[in-house]
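Comments concern the structure below.
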Amino acid sequence: MTIRIETPSAPRFGTLLRSALATAALLVSLQAFAAGGAGALPQSGANVHDIASLQRGAQLYVNYCLGCHSAEFMRYSRLATDLGLSEEMVMRNLAFGDGKIGDPMSIAMDSDDAARWFGKAPPDLSVIGRSRGADWLNAYMLSFYRDESGVWNNTVLENAAMPHVLWRLQGIQEPVYETHTDGGMEVRTVAHLELSEPGLMSPEEYEDAMRDLTAFLIYLGEPAQLQRKHVGVWVMLFLAFFALLAYLLKAEYWRDVH
Ligand code: HEC
């Protein structure tokens, strides 16, 4: 008597590979879409895994942003652990006078007052890194300019209620306009910005500083990413190793069947 074994009509490896590639391509294009259209903003180059860069970014944040923007989800103690700083260093350099190491990064300003002063209350920036993303934040910080009436504006967030708090570092940028017609109407837009008064930093130094600040904002949005991505590498290695084991096991079982 002969035993016939039906081989299950499992999907071919080629088919699987093709659908995996298609899914990957879809994910990549979705990400580009979520980021506001492919290539709309230059890449920031910010690196959250560069601890020295995060430290410099934190210093900038405390000196220039924390006056208006709280980061309520972040405690100084966590900052110390993640950025490899002693508690004493954090309290001396990053916290305000009477703060405690377990405090969140709050501000003293009342948000009603702030809304009255700026026309809009400065938002808490704990998770801005998630909603805006690195490229947007970086571009925003590079795109403040002074318009003809002497008012600060920003090409990335038009009519932003935030003044250019870093103008001393960057200097003053002025717009070069271009006009084009849109539906019969003449529209004037900013073609690009030109540095009309140099700041304390050269343009390259300022760009580096903004990369640090962006990296810090991205870290703030998800502090656990420092560990998560690290763990992720080991998980991927494990999965690859496990796939190999599973394949060897399958080969072993099917050897007798064939
Ligand atoms: C003098 C107060 C003040 C300071 C200091 C300040 N900002 Fe702002 N910021 C504002 C206000 C007001 C807004 C709201 C702007 C709007 O929506 O028009 C804002 C908005 C923002 C936004 C959100 C834009 C959006 O809509 O998503 C970001 C990001 C931001 N600020 C980053 C910073 C960073 C980084 C610093 C430090 C370098 C800083 N800000 C310092 C007042 C300030």
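The values are calculated or read from the model by the stated rules, or taken from the named source; none is laboratory data. Quick caveat: nothing in here was measured; it's all calculated off a predicted structure. Every residue, glycine among them, receives a Cβ derived from its backbone with ideal geometry; neighbour counts consider all protein chains shown. Quick note on the areas: whole protein, heavy atoms, side chains included, nothing else; ligands and nucleic acids left out. Shrake-Rupley method; radii C 1.70, N 1.55, O 1.52, S 1.80 Å.
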I'd like to know if the range 236-243 contains one or more residues that are more than 30 Å from Asp82 (Cβ to Cβ) and assigned to a helix (DSSP H, G or I). yes
Among what's in the range 124-149 and is of a type in the set (Gly, Ala, Ser) and over 25 Å from Glu205 (Cα atoms), pick the residue that is farthest from the ligand (Cβ to nearest atom). Ser149
Just give me the residues in the range 150-170 being within 10 Å of the ligand (Cβ to nearest atom), buried (at least 17 other Cβ atoms within 10 Å of the Cβ), more than 22 Å from Ser202 (Cβ to Cβ) and polar (S, T, N, Q), in sequence order. none
Which one is surrounded by the fewest Cβ atoms within 10 Å (Cβ to Cβ), of the residues in the range 59-93 that are of a type in the set (S, T, N, Q) and more than 15 Å from the ligand (Cβ to nearest atom)? Ser86
Kindly check whether there is at least one residue in the range 171-183 that is in contact (Cβ under 8 Å) with a residue 24 or more places away in the chain, open to solvent by 20 Å² or more (accessible area, probe 1.4 Å) and part of a helix (DSSP H, G or I). no
Is there a residue in the range 186-198 that is modelled with pLDDT under 95, in a helix (DSSP H, G or I) and not charged (D, E, K, R)? no
If you take the residues in the range 171-185 that are touching a Lys or Arg at 6+ places or on another chain (Cβ under 7 Å) and β-branched (Val, Ile, Thr), which one is farthest from Glu205 (Cα to Cα)? Thr179
